[in-house]
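Enquirer: I have a structure here, written as structure tokens, and I will follow up with some questions on it.
The values are calculated or read from the model by the stated rules, or taken from the named source; none is laboratory data. Fair warning: this is a prediction, and the values are worked out from it, not measured in the lab. Backbone-built Cβ (ideal geometry, glycine too); neighbour counts: all protein chains shown.
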2 protein chains.
Amino acid sequence: MAGAPIVTAAVVIIGNEILSGRTADVNLTFLGRRLNEEGVRLREVRVVADDEAAIVEAINALRSRFDYVFTTGGIGPTHDDITAASVAVAFGLPLIFNEEAVARMREHYSAGQLNEARLRMARTPEGVALIDNPVSKAPGFRVENVYVFAGVPRIMQAMFENVAGELAGGTPTITRTVSVFVTEGEVAEGLSALQERHGDLEIGSYPFVRDQKLGTSLVIRGTDAGRIDTAADALLGLIFELGGEVIEDSGAAR
Amino acid sequence: MAGAPIVTAAVVIIGNEILSGRTADVNLTFLGRRLNEEGVRLREVRVVADDEAAIVEAINALRSRFDYVFTTGGIGPTHDDITAASVAVAFGLPLIFNEEAVARMREHYSAGQLNEARLRMARTPEGVALIDNPVSKAPGFRVENVYVFAGVPRIMQAMFENVAGELAGGTPTITRTVSVFVTEGEVAEGLSALQERHGDLEIGSYPFVRDQKLGTSLVIRGTDAGRIDTAADALLGLIFELGGEVIEDSGAAR
């Protein structure tokens with residue numbers, strides 16, 4: 001496992017349609033889960049409008065602070081797709097017609113179809129690495145530590161998988177989830193003491209309602225399965241003391 | 001309609017469970033839609049971890065820049081619920097046991113149930129206005145222009161509705177959506193020209209696949225229904241010229 005033990009990332013979701021509530025974002029859940037599997041901790045997400053100043057500010061604030069930044073959205077053919085131009089501004093790079101991107105699109109579109117609007121999708125900042133789009137060819141790209149993906153989930157996911165292998169993942173996070181019919185308020189005190197005794201682990205609690213009963217999912221996260229299982233044993237003891245019912249135990253798993 | 005014509009907001013979603021992909025956020029879609037209905041434009045969303053520095057930074061960056069900030073999550077009884085304490089730090093206010101919040105919780109919990117952990121939920125920065133929680137009593141609160149809501153969607157939604165009436169909404173946004181079986185690449189050029197002729201409107205395009213055919217939803221947003229309908233007429237003419245099929249037209253609606 002080369003590199004820093006903790007590798008971090010941020011995501012920038014670009015699009016007025018998410019902010020207006022018109023479209024529910026599904027990319028965040030995918031990226032959070034997949035980054036976690038790759039040993040990369042997603043630390044912050046920003047959703048910004050199709051607005052150059054907002055996109056530039058978010059990218060520049062995050063790319064200096066996290067190991068990786070992933071953007072989704074705004075790389076289509078219409079006038080409101082301004083991500084490529086905004087990334088160029090963020091990096092102070094010229095926006096060019098990327099010859100390789102044009103070539104890939106020529107394979108997909110007939111000459112008549114490859115109109116001026118579609119050719120907009122071949123514009124990138126100068127000197128980027130292209131990211132293959134197996135669905136509709138117009139590629140994403142990477143500049144330094146910033147990966148620019150499409151917003152359409154199927155295309156975004158394919159682009160992510162195309163670069164997942166090159167991410168220098170840190171120590172992977174291992175998680176064990178125990179779901180119990182005990183309320184957060186009942187388990188809170190014991191849980192706090194457990195967290196204090198296990199400073200290397202992150203213990204979270206998430207309330208739920210099932211069969212009209214209040215319950216809590218208790219999630220233990222860390223990098224050492226043995227330490228996690230030790231904490232989980234203590235947690236199960238606590239639930240037993242409280243007279244609570246354990247309804248699910250995931251076991252330690254990446 | 002008193003106040004500024006454009007009223008803006010940001011949302012801070014607090015919680016490791018969203019960043020890890022474990023839980024899909026549904027609060028953003030609700031808030032985006034409801035704020036829009038109240039004449040408030042949601043301009044930015046940040047998702048941050050259960051981490052004081054991250055929460056403080058997000059709140060302080062956004063509360064000076066937007067008319068309203070809404071936070072969701074992190075106000076429960078467990079050790080990882082640190083939103084109230086973080087908001088106190090952001091405003092430089094002492095964190096107190098809020099007597100009124102304690103009184104409200106006493107109505108809901110018996111003396112034995114109202115343990116130390118649950119009483120954590122009565123801690124707020126000094127001098128806040130409480131926001132009623134009809135579901136489980138532990139209240140949210142407002143400090144200046146920052147509204148602090150629960151993360152559980154049912155409770156968050158109830159808290160929002162309790163304060164919606166006090167938001168000084170600006171000019172409401174009116175939207176007309178026309179969905180067509182024309183690809184984005186085909187409509188892009190005409191759409192761009194249409195946007196240039198209607199600088200007071202925001203014209204967005206969102207691709208979709210239906211019945212295995214590619215289509216585009218064209219969304220015209222503005223504040224004047226007449227101007228929107230004029231642009232929509234031109235848009236429908238453009239689709240007709242392209243030989244495209246209109247499959248839905250919402251008409252102008254708030």
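Enquirer: Which one is nearest to the other protein chains (Cβ to nearest Cβ) among residues in region B:205-216 that are surrounded by 18 or more Cβ atoms within 10 Å (Cβ to Cβ) and either small (Gly, Ala, Ser) or out of contact with any helix residue (DSSP H, G or I) (no Cβ under 7 Å at 6 or more places or on another chain) (or both)?
Expert: B:SER205
Enquirer: Also: From the list A:ARG120, A:ARG43, A:ARG106, A:ARG65, which residue is basic (Lys, Arg), farther than 18 Å from B:SER205 by Cα and surrounded by 17 or more Cβ atoms within 10 Å (Cβ to Cβ)?
Expert: Sole residue among the options that is basic (Lys, Arg), farther than 18 Å from B:SER205 by Cα and surrounded by 17 or more Cβ atoms within 10 Å (Cβ to Cβ): A:ARG43.
Enquirer: Do the conditions hold for A:ALA164, that is, is it out of contact with any strand residue (DSSP E or B) (no Cβ under 7 Å at 6 or more places or on another chain), more than 13 Å from chain B (Cβ to nearest Cβ), surrounded by fewer than 23 Cβ atoms within 10 Å (Cβ to Cβ) and touching a residue at least 40 places away in the same chain (Cβ under 8 Å)?
Expert: Criteria met by A:ALA164.
Enquirer: Kindly evaluate A:PRO139 against the criterion of being under 26 Å from the mean Cα position of the chain (by Cα) and touching a residue at least 12 places away in the same chain (Cβ under 8 Å).
Expert: yes
Enquirer: Here's another thing I want to ask about it. Give the residues of region B:153-172 that are farther than 18 Å from B:VAL69 by Cβ and hydrophobic (A, V, I, L, M, F, W, C), sorted by residue number.
Expert: B:ILE155, B:ALA158, listed by residue number.
Enquirer: Among the residues of region A:5-16 satisfying the criterion of being out of contact with any helix residue (DSSP H, G or I) (no Cβ under 7 Å at 6 or more places or on another chain) and either modelled with pLDDT of 90 or more or buried (at least 24 other Cβ atoms within 10 Å of the Cβ) (or both), which is nearest to the other protein chains (Cβ to nearest Cβ)?
Expert: Applying the filter and picking the extreme gives A:ASN16.
Enquirer: Identify, by number, the condition in (1) touching a strand residue (DSSP E or B) at 6+ places or on another chain (Cβ under 7 Å); (2) more than 21 Å from A:VAL48 (Cβ to Cβ); (3) surrounded by fewer than 23 Cβ atoms within 10 Å (Cβ to Cβ); (4) not polar (S, T, N, Q) that B:VAL87 doesn't meet.
Expert: (3)
Enquirer: For B:VAL89, indicate whether it is among the β-branched types (Val, Ile, Thr) and either touching a residue at least 40 places away in the same chain (Cβ under 8 Å) or away from chain A (no Cβ under 14 Å) (or both).
Expert: yes
Enquirer: Kindly indicate whether B:GLU38 is on the phi < 0 side of the Ramachandran plot and in contact with a helix residue (DSSP H, G or I) (Cβ under 8 Å, 6 or more places away or on another chain).
Expert: Yes, satisfied.
Enquirer: Does A:ALA158 satisfy the condition of being under 19 Å from the mean Cα position of the chain (by Cα), under 22 Å from A:LEU31 (Cβ atoms) and among the aliphatic types (A, V, I, L, M)?
Expert: yes
Enquirer: Find all pairs meeting these conditions: Cβ atoms under 7 angstrom apart; at least six residues apart or on different chains; first residue within region B:181-196 and in contact (Cβ under 8 Å) with a residue 60 or more places away in the chain; second residue hydroxyl-bearing (Ser, Thr, Tyr).
Expert: If the second residue must be hydroxyl-bearing (Ser, Thr, Tyr), the pairs left are B:VAL182/B:THR216.
Okay, residues lined up against (1) under 23 Å from B:ILE14 (Cβ atoms); (2) touching a helix residue (DSSP H, G or I) at 6+ places or on another chain (Cβ under 9 Å); (3) crowded, with 19+ Cβ neighbours inside 10 Å:
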| residue | (1), (2), (3) |
| --- | --- |
| A:PRO125 | no, yes, yes |
| A:VAL148 | no, yes, yes |
| A:MET159 | no, no, yes |
| A:THR177 | yes, no, yes |
| A:ILE203 | yes, yes, yes |
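Enquirer: Scan region B:217-228 and tell me whether some residue there is over 24 Å from the mean Cα position of the chain (by Cα), outside any helix (DSSP H, G or I) and under 24 Å from A:ILE75 (Cα atoms).
Expert: no
Enquirer: Oh, and also: For region A:229-254, give me the residue count where each residue is touching a residue at least 60 places away in the same chain (Cβ under 8 Å) and either part of a strand (DSSP E or B) or surrounded by 12 or more Cβ atoms within 10 Å (Cβ to Cβ) (or both).
Expert: Going through region A:229-254 one residue at a time, the tally reaches 12.
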